[in-house]
Each structure stands twice: as structure tokens, then as C-alpha cells.
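Novice: Please see the structure below; I have some questions.
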Amino acid sequence: MSTRPQGDWWRFVPPEQRRRRRFKAWRLRCKERLRQRWLAVTIAFLAYGLVLLWLVLHLPPVVTLLALAPMLLVPLLGYLTYWLLWKEFHE
């Protein structure tokens, strides 16, 4: 992806305003990307993974297991909830 702004309208922007407007356009593009759900989930998992990696390298294994527990238990709890609701409405 090029760093130059796309479109012909940039040549009409006064030279003293181009830098500020390019920065504002870049910032708005970044904000829009961050609003995408998949990217927010990916960033959350990466942040959690970095914290977990730090715990593995610097703390005893028991603390690491406690930090890993939510990552393992939340999907299981979600599946259990789904299964119980499905069972309730289909039987």
C-alpha cells in the first residue's frame, strides 16, 4: 500500500495544509480499521498472548496456568451456554 494519498483532489489543497490534512486522513483510516471487529479481536488476543508469554518466562507455572484459565474456560462456558439454550428450546 502506498503512503501517498489517493485521488486527484490533493493537488488542490494548499501546500501549508497538506501535511496536516494527510495526517488527519491517515488517522481516520486507522480509526476505521480499528472499528473492524476481527482486528479488535486479533489485537486483544495478541495483547493477552504477550502478557501470557511474559508470565511464562518470569513467573512460576501455577500463575501461568491461572492466567491461561480464562482463555480455555470462556469458550467452554460459551459452548455450554449455547448447548443448554438449544436443549431448552428444542426439547
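The values are calculated or read from the model by the stated rules, or taken from the named source; none is laboratory data. The structure presented is a predicted model; accordingly, all values stated were derived computationally and were not measured. Positions of Cβ are generated from backbone atoms using ideal geometry, with glycine treated the same way; all protein chains shown enter the neighbour counts. What goes into the accessible areas is simple: the full protein's heavy atoms, side chains included, and nothing from ligands, DNA or RNA. Shrake-Rupley method; radii C 1.70, N 1.55, O 1.52, S 1.80 Å.
Novice: Could you do me a favour and compute the accessible area per residue for the chain, 1.4 Å probe, result in Å²?
Specialist: Averaged over the residues of the chain, the accessible area is 95 Å².
Novice: Can I ask one more? Using only Cα atoms, find the angle between the long axis of helix 15-34 and the longest principal axis of the chain, and express it within 0 to 90 degrees, rounded to the nearest 10.
Specialist: Long axis of 15-34 versus the principal axis of the chain: about 20 degrees.
Novice: Consider just the alpha-carbon atoms of the chain and return their Rg together with their Dmax, both in angstrom.
Specialist: Using the Cα atoms of the chain, the pair Rg, Dmax is 23.0, 70 Å.
Novice: Here's a follow-up. At 1.4 Å probe size, what's the solvent-accessible area of residue 42? Round to the nearest 10 Å².
Specialist: Counting only protein heavy atoms, the figure is 60 Å².
Novice: Treating the beta-carbon of each Lys and Arg as +1 and of each Asp and Glu as -1, no other charges, what is the dipole magnitude of the chain about its Cα centre, to the nearest 20 debye?
Specialist: 1100
Novice: Just add up the charged neighbours of residue 43: K/R +1, D/E -1, any other residue whose Cβ is under 13 Å from the Cβ of residue 43.
Specialist: +3
Novice: Using +1 at the Cβ of each Lys and Arg and -1 at the Cβ of each Asp and Glu in the chain, identify which of 68, 48, 83 lies farthest towards the dipole's positive end.
Specialist: So the residue furthest toward the plus end is 48.
Novice: Work from the charge dipole of the chain (Cβ charges, +1 for Lys and Arg, -1 for Asp and Glu, about the Cα centre) and give the residue of 58, 38, 15 farthest towards its positive end.
Specialist: Highest projection toward the positive end goes to 15.
Novice: Next question, about the same structure. Hey, got a sec? Which trypsin sites (Lys or Arg not before Pro) in the range 26-91 land in a DSSP loop and have at most 16 other Cβ atoms within 10 Å?
Specialist: Answer in residue order: 35.
Novice: Follow-up. What 222 nm value per residue comes from the helices of the chain, counting each DSSP H run with n ≥ 4 as -39,500 (n - 2.57) and dividing by all residues, nearest 500 deg cm²/dmol?
Specialist: Computed ellipticity for the chain at 222 nm equals -28000 deg cm²/dmol.
Novice: Taking only Cα atoms, what is the 0 to 90° angle, nearest 10, from helix 37-58's long axis to the longest principal axis of the chain?
Specialist: Computed tilt is about 60 degrees.
Novice: Something else about it: Pop out the carbon and sulfur fraction of the accessible area of the chain as a percent, whole number, probe 1.4 Å.
Specialist: 69
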